[in-house]
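Every number in this text was worked out from the coordinates using simple rules, so none of it is lab data. None of these values were measured; they are calculated from a predicted model. Note that each Cβ is placed from the backbone with ideal geometry, even for glycine, and that neighbours are counted across all protein chains shown.
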Amino acid sequence: MLVLDARPKPVQIDPALTAVVVVDMQNAFATAGGMFDLAGMDISGAALAIEASRRLLAAARRNGMPVVYLQMSYRSDLSDAGDPSSPNHQKELGMVLMRERPELRGRLLIDGSWDWRIVDALRPESGDEVIRKSRYSGFCRTGLERYLRARKIRYLLFTGVATNICVDATARDAYMLEFWPILVEDAINHSGPDFNRQSTLWNFENALGWVTSTDKVIKALQKEAAEPLPT
């Protein structure tokens, strides 16, 4: 076990039972011309979150931690997006924009589209797991829980977007499923007003998990690697 500096207090994790979960680091949410940008959302924080995630993933891979990518995605016929009776059909931003702006139909979060792709700086590497999802939570009707259970993973380090939507939804479900959710705050980016970010971090600090930073994770991993093995 290693001690990870976090809020509200340090948390012990076992690196052998820890995975990094990269939530929706796609052009849609983090790149100019993507869905968030087209909707008028401020994505200026995405670049810093991408760079922090890049550093974190490099350290995780060096230490043999599994890396799991979640990728928000719809089939081209929208058959997995929900019909008009579905709240997802009514509320999810891509669905709303494609209804309201005909020129965007078939372009947002559709399998194989530019908008759907994971950002170039964080492309999955050999051995990483990519899990497709069509709802905010990565645990909703996906193989994520099965993948983690098969590897006996208990501790989850979360990066990605948006802090207050898909990161929040997935990390909350992780808590309910008895995983330990840890948000890496400089490696996630929120949507909407900053109080959305503050609210999510408060909830995880006080009720649902822990909050840490990229540098703190890397420092803990480096310290563990430097410690001599017991004789």
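Counting only helices (runs of 4 or more DSSP H) that fall entirely inside the stretch 76-164 and contain at least 2 residues that are touching a residue at least 40 places away in the same chain (Cβ under 8 Å) and within 24 Å of Val211 (Cα to Cα), the qualifying elements are 144-150. All but one of (1) touching a Leu at 6+ places or on another chain (Cβ under 6 Å); (2) free of Cβ contacts under 8 Å to residues at least 12 places away in the same chain hold for Thr214, so report the exception by its number. Going through (1) touching a Leu at 6+ places or on another chain (Cβ under 6 Å); (2) free of Cβ contacts under 8 Å to residues at least 12 places away in the same chain one by one, Thr214 breaks only (2). What do you reckon, is Ser113 surrounded by 13 or more Cβ atoms within 10 Å (Cβ to Cβ) and either out of contact with any Pro (no Cβ under 9 Å at 6 or more places or on another chain) or aromatic (Phe, Trp, Tyr) (or both)? Against the criterion (surrounded by 13 or more Cβ atoms within 10 Å (Cβ to Cβ) and either out of contact with any Pro (no Cβ under 9 Å at 6 or more places or on another chain) or aromatic (Phe, Trp, Tyr) (or both)), Ser113 qualifies. State which residue is farthest from Ala187 (Cα to Cα) when the search covers only the stretch 14-65 and only residues that are touching a strand residue (DSSP E or B) at 6+ places or on another chain (Cβ under 9 Å) and among the β-branched types (Val, Ile, Thr). So, considering only residues that are touching a strand residue (DSSP E or B) at 6+ places or on another chain (Cβ under 9 Å) and among the β-branched types (Val, Ile, Thr), the one farthest from Ala187 (Cα to Cα) is Thr18. Only one of the numbered conditions (1) buried (at least 19 other Cβ atoms within 10 Å of the Cβ); (2) on the phi < 0 side of the Ramachandran plot; (3) under 19 Å from the mean Cα position of the chain (by Cα) is violated by Ala81, and that is (3). If you check Asn203, Asn196 for being part of a helix (DSSP H, G or I), touching a His at 6+ places or on another chain (Cβ under 6 Å) and either without any contact (Cβ under 8 Å) to a residue 12 or more places away in the chain or not small (Gly, Ala, Ser) (or both), only one passes: Asn196.
Pull up the stretch 75-95, narrow it to residues that are of a type in the set (A, V, I, L, M, F, W, C) and out of contact with any Asp or Glu (no Cβ under 9 Å at 6 or more places or on another chain), then point me to the one that is farthest from Asp24 (Cα to Cα). Top of the filtered list is Leu78.
Among the candidates Asp173, Asp128, Asp168, Asp120, which residue alone is of a type in the set (D, E, K, R), within 11 Å of the chain's Cα centre (by Cα) and over 22 Å from Ser79 (Cα atoms)? Let's see the steps before the verdict.
Numbers: Asp173 fails: within 11 Å of the chain's Cα centre (by Cα); Asp128 fails: within 11 Å of the chain's Cα centre (by Cα); Asp120 fails: within 11 Å of the chain's Cα centre (by Cα).
Of the residues listed, the single one that is of a type in the set (D, E, K, R), within 11 Å of the chain's Cα centre (by Cα) and over 22 Å from Ser79 (Cα atoms) is Asp168.
Looking only at the stretch 1-38, residues that are of a type in the set (Gly, Ala, Ser) and surrounded by fewer than 17 Cβ atoms within 10 Å (Cβ to Cβ) come to 3 in all.
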